[in-house]
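Following: one structure in structure tokens, then a few remarks.
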């Protein structure tokens, strides 16, 4: 119960904080003009490139160094910092910084695509900007808010590296500990079952949010959104909020890690090998996941239940997925000794775990891309002698290539940051950047952990920037 209570409280704190921060940031950059707004519009999504465990390393080290400052504040200034970083509130702060971009991107897409006439009608009826937000824009974007918060909370429940380092015992840390310390699949399953039930409920909420996102009138004319120019203290307050959010979620922790790792000499051969392994797994996981998701999306009309079942993997934390694969692997090994062992078998299991868990993340953009292909296009290809696969290869997949690329980037980013599944299933002597960072952090060598953490951020940043651009261009009539 202690693990479940900590997980529930952590999920509640992160869900509430990401909802508030992400929604306000999205509303400011979409509907207002203020100093730095064009930069913040894409920069506020960049913390998605930073693994949560990297932020935990940076803030834990920062608070440890600030120990003397805490003593001075208590003795001279008469007050203390509101919480210790290595605690549940500290973990909630770190995970909010890492996962608010899920809400920000979902709400930004909802605000960008909202009909102009709804906001204009509210203003004509005497609503202020704040009243228009709470009474019109936020209710219209409620499904996107539910979806974004559900994704953030699912990632919170699945996180292992940050909460383990910050000494917060959640269900995910219980799963990993039951396996690594006690070697007990039964104990791991006891922790995994409530975690999977909660995550499945969140996935249903996320699905409901996506299914109900079409509140706008189908006959509405799509015109440029009315942007309010903020002046005076309101403009600088908006700039200050966005700058503070970007500072605490990315610039401060990344800058602290950079300052720390410059003091140590990196083990370049090990780092380069780990970077190659991370890129290999990321690319392989993206290709396999997109290929399987494309096959499911093409056949979803005939087998909708299959696509829904495949999407349940996103509700399964990486640690649970990895533990679940060990049982079948052991059975195969008993039936055919040596078949489930070896370097290649370990990599195949790891890539399968990535694909199974991230299938829903790839399926959503691919479904959206294939929805642009009308039945008449497919029928024309079939009338010219193409079979089902030929029509898909000649018409459907080429027209959805942008969605395929977007899906691949989403999977690639998640694989780069994945830690628990990689820790459990990786072959011996096959380290990724995330694994190396975790190993250094366990030894409290945070300066060394900064190098692999920063490499993950640098590799993932271009992909996050592309995804941000896609959100900005999603409004009908927007420039390509």
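We did not get these values from a lab; they are worked out from the coordinates using the rules stated. Not measured: the values here are computed from a predicted model. For neighbour counting, all protein chains shown are included, and Cβ atoms are generated from backbone atoms with ideal geometry for every residue, glycine included.
Structural remarks
- The range 353-434, Rg to Rh (Cα coordinates; Rh as Kirkwood inverse mean 1/r): 1.18
- Calculated translational diffusion coefficient of the range 399-442 (25 °C, 0.890 mPa s; Stokes-Einstein with Kirkwood radius over alpha-carbon pairs) equals 205 µm²/s.
- Highest average packing first - 441-454, 128-141, 101-114, Cβ atoms within 10 Å: 101-114, 441-454, 128-141
- At R0 = 56 Å, FRET efficiency that the Cβ-Cβ distance of residue 279 and residue 231 yields, to 0.05: 0.75
- The modelled label-to-label distance between residue 444 and residue 135, using points 7 Å beyond Cα along the C-beta direction, is 5.7 nm.
- Per-pair calculated FRET efficiency, R0 = 30 Å: residue 12 and residue 116 via Cβ, rounded to 0.05: 0.25
- Modelled FRET efficiency - R0 25 Å, residue 62 with residue 39, Cβ distances, 0.05 increments: 0.50
- Residues in the range 25-66 that a label on residue 251 would reach, taking backbone N under 15 Å of a point 7 Å out along Cα→Cβ: 35-47
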